Amino acid sequence: MTRNTTILVAGLGSIGQRHSRLISERSDVTLLVCDPIEAHHRQTDEKVHRPVDGRFNDYTQALAAKPDIVMICTPNSLHVPMGLQAIEAGCDVLVEKPISDSFEQANRLVTAADQAGRLLHVGYMLRFELGLRQMKQIVASGELGEIAGGRAMIGTYITLLNGKTPERQNSPYAIVVDYTHELDFIRWILGDVKEVMSMGAVRGNLDLKGKPNIIQTVMTLESGALVQVHMDFIQYPQRRLIEIYGDKGTLAYDAQTGDLRHYRFGAEHKWETLPLPLDFAQRWDNLYRDQLDALIRAHHDRSAPAVSGQDGIEALRVAHAIIRAAETGTKVKVADIR
């Protein structure tokens with residue numbers, strides 16, 4: 001027997017509209033949406049595959065409809081207060097990344113969920129990316145030998161172009177908090193980060209700029225491996241690259257093209273291309289579909305979230321260490337961010 005799940009999407013910006021559209025594909029979900037801006041409701045209506053089952057302008061009224069799960073897709077500063085309300089109303093919660101703009105507030109949310117016995121998920125949907133999953137599997141298998149280091153790059157001017165508010169341009173170091181994706185999957189694949197060194201700058205004659213719009217970080221992992229992370233609000237179209245290398249081989253993944261290659265130590269000039277069953281027309285939607293499946297399954301089975309609130313805190317902790325390192329010009333230990 002198919003179990004019905006009632007999901008409230010709170011916040012109908014671009015990510016909330018995507019979630020609403022993909023939820024509306026399913027016959028086993030009652031879809032509620034909430035946003036104070038009527039234009040966002042109209043835009044959502046144009047994108048969903050069927051009419052929503054309930055619409056609200058007021059969040060408290062939306063929670064009174066007793067959703068099973070609340071997906072919080074609002075600005076970062078609202079994640080925790082809205083999450084706390086949802087938990088108090090007896091709901092499981094998925095909060096979009098980052099978990100909060102405040103380390104202290106993020107801890108409040110995780111503690112509240114634990115005490116109430118509610119599930120708290122964080123929306124790092126790249127955990128469902130097939131290329132990254134295969135990289136994690138190969139690293140765990142030991143095929144690369146001892147991991148020496150790696151690098152990750154995200155270049156994404158389109159993020160500023162798609163923004164519905166100037167928040168990213170006005171908030172210092174917004175790029176670091178926005179792309180905690182990289183910080184999360186580095187921890188997920190390679191382990192915890194011990195300390196960081198970082199530098200930021202504002203570059204390029206572009207209409208839209210972050211403060212900074214480019215930042216370079218070198219991380220020392222607890223394992224001793226060194227990882228370079230590059231983030232910029234400059235490159236267009238978007239580029240995302242990940243490399244991991246050990247004493248027995250190298251993995252290189254272009255997340256924009258789906259090209260995953262394995263170079264084995266001693267195999268001169270011979271890269272092995274690893275097949276990935278990617279449907280690029282549906283690729284990004286499929287990541288969110290897989291995340292939605294995991295969210296609903298965890299709700300009914302009461303199983304652990306694929307990405308927990310504590311995972312969200314750890315990614316935010318690394319982000320704050322990067323920001324402190326860039327501001328002070330010093331090496332910062334991640335454990336000192338409390």
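What is the residue count in the range 52-80 for residues that are open to solvent by 30 Å² or more (accessible area, probe 1.4 Å), in contact with a helix residue (DSSP H, G or I) (Cβ under 8 Å, 6 or more places away or on another chain) and not charged (D, E, K, R)? Give the steps one after another, and end with the answer.
Going through the range 52-80, the residues open to solvent by 30 Å² or more (accessible area, probe 1.4 Å) turn out to be 53, 55-58, 60-61, 64-66, 68, 75-78.
With the extra rule that they be in contact with a helix residue (DSSP H, G or I) (Cβ under 8 Å, 6 or more places away or on another chain), the set shrinks to 55-57, 60, 68, 75-76.
From what's left, not charged (D, E, K, R): 56-57, 60, 75-76.
Matching residues across the range 52-80 total 5.
Out of the residues in the range 87-105 meeting the condition of being modelled with pLDDT under 95 and assigned to a helix (DSSP H, G or I), tell me which one is surrounded by the fewest Cβ atoms within 10 Å (Cβ to Cβ).
Here the residue is E104.
Take S20 and tell me if it is under 29 Å from L316 (Cβ atoms), in a helix (DSSP H, G or I) and in contact with a strand residue (DSSP E or B) (Cβ under 9 Å, 6 or more places away or on another chain). Talk me through it step by step, then tell me what you get.
Numbers: under 29 Å from L316 (Cβ atoms): yes; in a helix (DSSP H, G or I): yes; in contact with a strand residue (DSSP E or B) (Cβ under 9 Å, 6 or more places away or on another chain): yes.
Yes, satisfied.
So E243 clears everything in (1) closer than 30 Å to G210 by Cα; (2) of a type outside the set (K, R); (3) assigned to a loop (DSSP other than H, G, I, E, B); (4) open to solvent by 50 Å² or more (accessible area, probe 1.4 Å) except one condition, right? Which one?
(3)
If you take the residues in the range 285-338 that are closer than 24 Å to V29 by Cα and of a type in the set (K, R), which one is surrounded by the fewest Cβ atoms within 10 Å (Cβ to Cβ)?
The residue in question is R302.
On the basis of being open to solvent by 10 Å² or more (accessible area, probe 1.4 Å), modelled with pLDDT of 95 or more, under 17 Å from the mean Cα position of the chain (by Cα) and at negative phi, does I154 make the cut?
No; evaluated as a whole, the condition is false for this residue.
The values are calculated or read from the model by the stated rules, or taken from the named source; none is laboratory data. Since this is a predicted model, take the numbers as computed values, not measurements. Glycine gets a Cβ as well: all are built from the backbone with ideal geometry, and neighbour counts include every protein chain shown. Side chains are part of the model used for accessible areas, which takes the heavy atoms of the whole protein and leaves out ligands, DNA and RNA. Shrake-Rupley method; radii C 1.70, N 1.55, O 1.52, S 1.80 Å.
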